[in-house]
Structure formats: structure tokens, C-alpha cells
Amino acid sequence: MTNILIIDDEREVGNFLTHLLSGSDCHVFVGYSGEDAKRLIIQRQYQLAMIDVMLPDTSGLKILRKIKEQMPQCKTIIMTGYSTVKTAVEAIKLGANDYIEKPFDDIDQLEKLIKQLFENTTPSNQSTMFELAERTGFIVGENQSMKQLVTMAHKMASKNINVLIEGETGTGKEVLATYIHHASQRKDQPFIAVNCGALSETLLESELFGHEKGAFTGAVKEKKGIFELASKGTLFLDEIGEASLSIQVKLLRVLETGEFFRVGGESVKRTHTRILAASHVNLAEAVQEKKFREDLLYRLDVVKLTIPPLRERMEDIPLLISFLLKKYQSDLTFSTEALRLIQRYKWFGNIRELSNMVKRAITLAEDEGSLITPAFLPEKLLSNETISISETSKDLQASSVNDFETYLREWNKRLLSLWQEEKEVDLEIVLNDVKELEAQIGKAFVTKMLRETIGDRREAAKRLNISMRKLRYLLNEKKQQSPIKIK
């Protein structure tokens with residue numbers, strides 16, 4: 001006999017679930033308050049408990065904790081209204097198997113969820129989660145925080161709610177977004193990513209919402225925006241904190257109503273796109289600084305997932321390196337000493353920096369044996385004396401100019417070495433190095449100018465002939481980029 005516990009202050013809900021779930025092998029017990037729950041929990045063991053998150057005399061989370069303490073094997077489902085979804089997410093963190101929104105519009109979905117819990121075939125089992133994560137390139141490893149993160153991400157993937165992903169640059173926010181898309185019911189629909197910080201306001205608006213012919217100079221024909229192209233799929237807004245306030249207003253309208261206008265258009269368009277957003281800056285702090293709309297953050301931050309930096313999951317580096325070697329189709333392996341040096345380094349650029357290092361090492365070590373030794377590692381890994389480029393002039397060290405000049409010399413030396421190689425050269429690695437150089441040059445000139453203007457950002461931007469938005473974008477990226485080594 002299967003015992004099912006229902007706790008909900010609405011008698012209609014209790015009657016409905018009793019009628020739905022009662023059968024030859026199921027016995028349903030209903031309570032309408034915290035006091036009822038306390039009494040029923042003492043009386044018998046339950047195999048499934050469905051708990052309303054808001055009760056007149058207590059919180060559903062307190063009942064959940066009590067059930068998990070006394071009956072850890074009991075499956076639990078939290079029942080919630082849309083306005084309390086964030087509380088339901090907290091319930092998942094406390095150990096609830098899932099949540100479902102009221103009113104129950106899709107009875108088949110509810111029956112399927114309960115059947116999956118009883119049969120233990122739910123897609124959120126660990127083997128399925130980790131297999132999908134590996135297929136999409138999101139390596140979980142042994143770190144406990146990462147395991148909790150992928151568990152939450154998988155449970156939230158099946159819900160049609162917005163997710164905010166936070167983490168430093170290079171931690172893999174887009175990879176996590178890809179994982180969520182493939183774990184969702186939209187997996188067969190388009191997944192489109194756009195970097196809000198890499199496009200001007202006009203171009204970003206056109207990319208998101210599309211434009212009509214003649215809407216602006218160069219608009220020679222009408223164009224569908226991403227909200228139309230991914231109407232039934234998923235849109236990943238990377239670096240959402242870099243979007244202008246004007247774009248934020250338009251995004252808010254889409255999230256609230258599902259409606260938007262093309263640039264230069266007069267007819268209302270509709271979209272059912274699911275939004276996944278990411279930022280390496282703290283958006284709550286951006287709200288306090290009047291750089292980000294609080295109402296937009298409220299809409300985006302239904303579920304927040306934070307990816308830990310690589311330096312907080314150093315035990316996963318061997319697994320990550322193994323994955324990267326396979327990704328780059330290399331039969332080489334790293335020596336014990338090389339691995340020791342890699343695990344000692346702080347990895348300010350996170351997995352992106354690690355990936356670039358592995359690709360570089362493979363290129364240099366090809367035809368030199370089967371082992372990648374410290375001789376093929378960047379010089380910065382051979383010493384722990386590294387610093388990040390400072391965000392403001394007051395943090396700049398007196399030797400920063402010399403550090404940058406050293407970096408330029410080392411970069412030039414490395415490029416000349418590749419140019420003079422007689423064997424094959426991976427052009428993608430060279431081009432990636434050029435992109436890294438471009439980023440380092442931009443940051444170096446900004447920090448140098450900030451020092452000369454005693455931290456006056458507006459004056460620094462004026463002297464560099466760039467916008468304040470561009471200057472802020474460069475500064476926001478600084479903390480996450482590869483450090484410059486002090487000689």
C-alpha cells in the first residue's frame with residue numbers, strides 16, 4: 001500500500017487530488033494546516049507528500065524539513081502559485097523532488113510527474129544529468145558545488161521560467177545555458193546566444209527585435225529578430241548587465257507581455273521565447289548603482305544559478321584537461337610536474353584560460369613526444385607571482401607599465417616563434433592569441449589613462465576617444481582576464 005500525504009488549505013485541491021490519486025494500491029491522507037500536517041506525519045510513513053508552499057499557520061518549507069528529517073525516502077512535491085515560484089526553488093534546494101504550479105492546467109503532466117517519482121525514472125537522476133552535461137561540454141567533476149549546480153539546473157530546465165546565470169568571465173555560462181536548453185522540453189527548438197556587451201545599442205536592438213525595411217540607414221530589407229527566430233526556443237542573453245537602459249525597457253516589456261515591435265515597425269509581434277540571461281557582474285549591485293532596472297532583474301532572477309570560479313574547484317582540473325585533450329583530438333598527456341604547476345596556478349581567466357593553455361601546449365608539444373612537460377607551458381604558470389590588472393587607477397602598481405611592455409615582448413616572441421616554425425601551425429591558436437592581445441591592449445591603455453587622470457573615468461574615456469559604455473565594458477572584463485606576470 002502506498003501512502004500519499006496532501007497538505008493544502010484549499011479543500012477543493014485536497015478533494016481533487018484525493019479523487020485523482022486514490023486507487024487500489026494508494027491511500028490518500030489530507031490535511032489543511034500545519035497542525036494537521038504535524039498530526040498526520042506522526043501517525044504513519046508516507047511514500048509521497050504534496051505540500052502547499054503557503055499555509056495559514058505555517059510555511060510549507062517547515063513541513064518539508066520535518067518530512068525530510070523523519071522520512072528521508074519520502075518523495076516530495078511542492079505546490080505553488082506563480083508569485084511563489086522563488087520559494088518553490090528554495091524548496092528544491094532543501095530536498096524537494098520537484099514543484100508544480102497551481103492551478104493544475106495540465107493533469108497529464110501532474111500524473112506523469114508522480115509516476116516518474118514512483119518508478120524512479122525521472123530525468124533528474126544523476127547518470128542522465130551527468131551524461132547530458134558531458135555531451136554539451138559542461139564538465140561537473142567532483143566538486144560538490146558543481147554537483148548541486150547541475151542538479152538544480154536540470155530540475156529547472158523542464159520549467160518554463162527564466163534563469164539568471166552568474167559567474168566570472170570564462171567559467172562557462174553559455175555552456176550551462178546550452179545544457180539547460182538541451183535538458184528542457186524546447187531541446188528541438190532553436191537556441192540562440194547574443195552578447196549584449198559586444199554590440200552597440202542600435203545593432204543590439206535590431207538583433208533582438210528585428211527591423212523593417214528603411215528603418216535606418218543600411219536597412220535595405222526587413223529582418224526578423226532573435227525573438228521571432230527563437231519564438232519557441234531559448235534565447236541566451238550574455239552580459240545582460242551591459243545592455244543600455246533603453247534596451248532594458250524593451251526587454252522588460254517582452255518578459256511581461258510577450259509582445260514587441262520591430263525597429264521602425266508599427267505592428268505588434270508576439271514571442272514565446274524562454275530567456276536565459278548571464279552576467280559576470282553582480283546585477284543587484286548594478287541596480288543600486290542605477291545601471292540596471294530593478295523590475296527587469298526581478299523578472300530575470302526567478303532562478304539564479306552561480307557557477308564557481310575554477311580556483312574553487314581545483315580538484316576538477318585533471319578531468320577538465322582530459323576533456324579538453326579529447327576535444328582537441330590529441331593523444332598527448334600532461335606530465336605529473338606539468339599537472340602540479342597547472343593546479344598551483346590561480347586561473348583568473350577560468351576554464352577559458354585553461355582551454356587556451358591546453359590548445360597552446362598541444363601545438364607546441366606535437367612531434368616532440370607523448371608527454372606535455374613544463375617546457376611547453378606558458379611562463380606565467382612557472383611562478384605564482386601573478387596579479388590581475390586593476391580596475392581603477394588607485395589600485396595600479398607602479399610597475400604596471402613595465403609589466404605590459406614585458407607582456408608585449410613575450411607575445412611578440414611567441415608569435416615570431418610560430419611564424420618561423422617549419423611544421424604545421426594551428427591558425428586558430430594564432431588568431432586566439434591576437435584576440436587576447438587586443439583585449440590586453442585595451443585594458444592596459446584604459447588603466448594607464450585612469451592613472452594619469454587620477455581615476456576620472458569620464459576624462460579617461462574622452463582622452464581615449466571611446467564612450468563611457470565602452471570604458472565600463474573594458475573595466476568589467478578586467479578582473480576575469482589572464483593576469484600579467486610580474487618579472
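The values are calculated or read from the model by the stated rules, or taken from the named source; none is laboratory data. Computed from a predicted model, the values in this text were never measured in an experiment. Cβ placement follows ideal geometry from the backbone for every residue including glycine, while neighbour counts extend to all protein chains displayed. Heads up: the accessible areas ignore ligands, DNA and RNA and are worked out on the full protein's heavy atoms, side chains in. Shrake-Rupley method; radii C 1.70, N 1.55, O 1.52, S 1.80 Å.
Whether any residue in segment 353-360 is surrounded by fewer than 17 Cβ atoms within 10 Å (Cβ to Cβ) and out of contact with any Cys (no Cβ under 6 Å at 6 or more places or on another chain) is what I want to check.
Taking every residue of segment 353-360 in turn, none turns out to be surrounded by fewer than 17 Cβ atoms within 10 Å (Cβ to Cβ) and out of contact with any Cys (no Cβ under 6 Å at 6 or more places or on another chain).
Condition first: in contact with a strand residue (DSSP E or B) (Cβ under 9 Å, 6 or more places away or on another chain) and assigned to a helix (DSSP H, G or I). Now tell me which residues in segment 225-248 satisfy that.
Scanning segment 225-248 gives I226, F227, E228, L229, I240, G241, E242.
Out of all the residues in segment 38-67, which are open to solvent by 40 Å² or more (accessible area, probe 1.4 Å) and either within 27 Å of E119 (Cα to Cα) or touching a residue at least 60 places away in the same chain (Cβ under 8 Å) (or both)?
Within segment 38-67, I42, Q43, R44, Q45, Q47, K62, R65, K66 meet the criteria.
Which residue pairs have Cβ atoms under 7 Å apart, sit 6 or more places apart or on different chains, and have a first residue in segment 416-440 that is within 17 Å of A365 (Cβ to Cβ) and assigned by the TED database to the domain that holds E368 and a second that is surrounded by fewer than 10 Cβ atoms within 10 Å (Cβ to Cβ) and modelled with pLDDT of 75 or more?
No pair meets every condition.
May I ask you to list the residues in segment 183-223 that are of a type in the set (G, A, S) and more than 18 Å from the chain's Cα centre (by Cα)?
Listed by number, the residues that qualify are S200, S206, G210, G214, A215, G218, A219.
In segment 293-315, which residue that is out of contact with any strand residue (DSSP E or B) (no Cβ under 8 Å at 6 or more places or on another chain) and not in a helix (DSSP H, G or I) is surrounded by the most Cβ atoms within 10 Å (Cβ to Cβ)?
Filtering segment 293-315 for residues that are out of contact with any strand residue (DSSP E or B) (no Cβ under 8 Å at 6 or more places or on another chain) and not in a helix (DSSP H, G or I), the one surrounded by the most Cβ atoms within 10 Å (Cβ to Cβ) comes out as R313.
Which residue out of D36, D25, D8 is assigned by the TED database to the domain that holds Q73 and within 40 Å of the chain's Cα centre (by Cα)?
Unique residue meeting the criteria: D8.
Taking interchain pairs and intrachain pairs at least six residues apart, which have beta carbon atoms under 8 angstrom, with the first residue in segment 68-82 and assigned by the TED database to the domain that holds G95 and surrounded by 18 or more Cβ atoms within 10 Å (Cβ to Cβ) and the second part of a loop (DSSP other than H, G, I, E, B) and of a type in the set (A, V, I, L, M)?
From residues that are assigned by the TED database to the domain that holds G95 and surrounded by 18 or more Cβ atoms within 10 Å (Cβ to Cβ), the pairs are T76/A96; I77/A96; I78/V53; I78/A96; M79/V53; T80/V53.
Give me the residue from segment 249-268 that is open to solvent by less than 30 Å² (accessible area, probe 1.4 Å) and part of a loop (DSSP other than H, G, I, E, B) and, out of that set, farthest from N195 (Cα to Cα).
Per the criteria, the residue is G265.
Please work out which one of (1) open to solvent by less than 50 Å² (accessible area, probe 1.4 Å); (2) closer than 17 Å to L354 by Cα; (3) at pLDDT below 80 is the condition L474 fails and give its number.
L474 satisfies all of (1) open to solvent by less than 50 Å² (accessible area, probe 1.4 Å); (2) closer than 17 Å to L354 by Cα; (3) at pLDDT below 80 except (2).
Name the residue that is nearest to S231 (Cα to Cα), counting only residues in segment 130-162 that are among the basic types (K, R) and buried (at least 18 other Cβ atoms within 10 Å of the Cβ).
Applying the filter and picking the extreme gives K159.
In this structure, does E391 turn out to be at pLDDT below 90, in contact with a helix residue (DSSP H, G or I) (Cβ under 9 Å, 6 or more places away or on another chain), over 28 Å from F404 (Cβ atoms) and not in a helix (DSSP H, G or I)?
no
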